[in-house]
Every structure is written in structure tokens, then in C-alpha cells.
Amino acid sequence: TGAANKLDDYEEGTWTGNPNFATGSANLGAWTGLYVKIGRQVTLTARWTLDKNTGSGEFRIDGLPFTNGSSQGNYNGAAIGFIQRMGRSGFTVTAVINPGTSRLSFKLNDENSANSVVDLIGSDIDANTSGATFTITYQVA
């Protein structure tokens, strides 16, 4: 209540990410992406599948609707709700937005080692039937 608490920056909409690899490509099969932005806070949700994978190196989704804040405290991790035919045995799939970027980078955490994080790469993804859902909240620049 009152002018000091007025909500004057609210936005919601749809967005389509661009899945790709460090080298090569990933063809998007289906995508459903939504966002809500309140002030500097953005929450994204998405569900996607891949039709084809000819990539290698780090798997990522470019084209987030807003750039993450650039301070070192802005390493934001995604909550992954569903993974289909992605990953390696003994590893957990995670995703992070690094500070100052609009890219969600997918990683593998070794379940047996607290210090082992590697990129999710093309050979970790079954090209014809892979997909995921995720939600992430972050502060914009």
C-alpha cells in the first residue's frame, strides 16, 4: 500500500530458447517457454525436445529473454523437473546461468565426488528422443 510499495514493473510472456552446442547443432523439436518478470527478478519455465543432434562440446540454451546480472553472486541454478534420455550413469544433470549472460549451460555433477562437474556434451544426449523441463529464477542486469 502506498507509493513506496507500488508494483510498477511487471511483465509476462512467452520465449523460445535456442538449444545448441559449442560446435555443431541441435534441432529443436518442440518448445514451450514462459516467463514472469517482477522488477529485476525473472522466473523462466520451459519444456523442450530435440529432433536432431550433430553437436559436440557443451550443450546450452541461448536466447534467455533477459541477461543475468553481472555480479559474482549471480550464479543461478535451474530446478530440472524432468530429463528424457540425457546424461551419464552416476551423474546428475544440472544447469546454470553464469553472471552477465543470457545462456543456460547444462552440466553433469558426479554423484560420488563433491568436486567433479563437467559439461553435458553431445554424446550425452540421445538426439531423437531427448528433452527436459526446467524452472529458474534470476536477477537481471
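The values are calculated or read from the model by the stated rules, or taken from the named source; none is laboratory data. Everything quoted here is computed from the prediction, not taken from an experiment. Cβ atoms come from the backbone with ideal geometry, glycine included; neighbour counts cover every protein chain shown. Areas reflect the complete protein model, heavy atoms only, side chains present, ligands, DNA and RNA absent. Shrake-Rupley method; radii C 1.70, N 1.55, O 1.52, S 1.80 Å.
Name the pairs: first residue in region 46-61 and closer than 22 Å to residue 117 by Cβ, second residue open to solvent by 10 Å² or more (accessible area, probe 1.4 Å) and hydroxyl-bearing (Ser, Thr, Tyr), Cβ to Cβ under 6 Å, at least 6 apart or on different chains?
Cβ pairs passing all conditions: 55/25; 56/23; 57/23.
What residue, among those in region 62-104 that are charged (D, E, K, R) and outside any loop (DSSP other than H, G, I, E, B), is nearest to residue 118 (Cα to Cα)?
Out of the qualifying residues, it is 103.
Quickly run through region 99-136 and pick out the residues that are over 21 Å from residue 28 (Cβ atoms) and either among the acidic types (Asp, Glu) or open to solvent by less than 60 Å² (accessible area, probe 1.4 Å) (or both).
Answer for region 99-136, where residues must be over 21 Å from residue 28 (Cβ atoms) and either among the acidic types (Asp, Glu) or open to solvent by less than 60 Å² (accessible area, probe 1.4 Å) (or both): 99, 100, 108, 109, 110, 111, 113, 116, 118.
Within the group 87, 39, 73, 69, which residue is out of contact with any strand residue (DSSP E or B) (no Cβ under 7 Å at 6 or more places or on another chain) and open to solvent by less than 30 Å² (accessible area, probe 1.4 Å)?
39
Six or more apart or on different chains, Cβ under 7 Å: which pairs go from a residue in region 18-32 that's closer than 18 Å to residue 65 by Cβ to one that's open to solvent by 50 Å² or more (accessible area, probe 1.4 Å) and among the hydrophobic types (A, V, I, L, M, F, W, C)? Could you list them?
Note: pairs meeting the criteria are 19/28.
For residue 111, work out the one condition from (1) modelled with pLDDT under 90; (2) over 13 Å from residue 125 (Cα atoms); (3) out of contact with any Gly (no Cβ under 9 Å at 6 or more places or on another chain) it doesn't fulfil.
If we test residue 111 against (1) modelled with pLDDT under 90; (2) over 13 Å from residue 125 (Cα atoms); (3) out of contact with any Gly (no Cβ under 9 Å at 6 or more places or on another chain), just (3) comes out false.
Could you give me the residue pairs with C-beta distances under 6 Å whose first residue belongs to region 114-141 and is among the hydroxyl-bearing types (Ser, Thr, Tyr) and modelled with pLDDT of 90 or more, whose second residue is open to solvent by 10 Å² or more (accessible area, probe 1.4 Å) and assigned to a strand (DSSP E or B) wherever it lies, and which are 6+ apart or on separate chains?
Qualifying pairs under 6 Å: 133/47; 133/81; 133/82; 135/45; 135/79; 137/43; 138/76.
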